[in-house]
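Participant: Pasting in a structure now, in structure tokens, and then I'll have a few things to ask.
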Amino acid sequence: MTTHRKVPRVPQLVQVTPDHTVEEKINALIGWAHGVDKALRERHRFDERISQDARDAPLDDHAHTDWQTGETYTVTNGTTDRTYDADATNVAELADVLATVIADLQGVSILS
């Protein structure tokens with residue numbers, strides 16, 4: 001079971017003023033650097049736990065087949081096109097984009 005995990009945050013740099021001594025400013029900076037280091041190590045552990053959760057998740061035998069129709073999509077005269085201007089396009093360009101999407105989904109065995 002996956003549990004909600006809080007993403008570690010990098011600590012805020014402590015405000016220093018001209019009234020602080022050089023030693024206090026250096027100590028504040030060192031403290032912040034230690035906090036950043038700790039947050040980065042926690043983030044690494046967080047990412048590892050999330051990756052482990054994904055590896056441990058039960059696989060659904062029907063994850064990619066429940067919605068498939070078994071029909072094969074065939075595109076003719078399609079041109080690879082992954083870009084279109086949503087404000088100024090035509091049917092042919094959208095057809096090429098759709099052909100590209102179909103080819104990409106077939107390439108990862110989501111469509112046949």
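Participant: Which ones in segment 29-75 are part of a loop (DSSP other than H, G, I, E, B) and at pLDDT 75 or above?
Facilitator: Here is the first cut: in segment 29-75, the residues part of a loop (DSSP other than H, G, I, E, B) are 57-75.
Once the filter is applied, which keeps residues that are part of a loop (DSSP other than H, G, I, E, B) and at pLDDT 75 or above, segment 29-75 yields THR72, TYR73, THR74, VAL75.
Participant: Just checking, how many residues over segment 14-33 are touching a residue at least 12 places away in the same chain (Cβ under 8 Å) and β-branched (Val, Ile, Thr)?
Facilitator: Final tally of qualifying residues: 2.
The values are calculated or read from the model by the stated rules, or taken from the named source; none is laboratory data. All values derive from a computational prediction rather than experimental measurement. Neighbour counts are summed over all protein chains in view; Cβ atoms, including those assigned to glycine, are modelled from backbone coordinates with ideal geometry.
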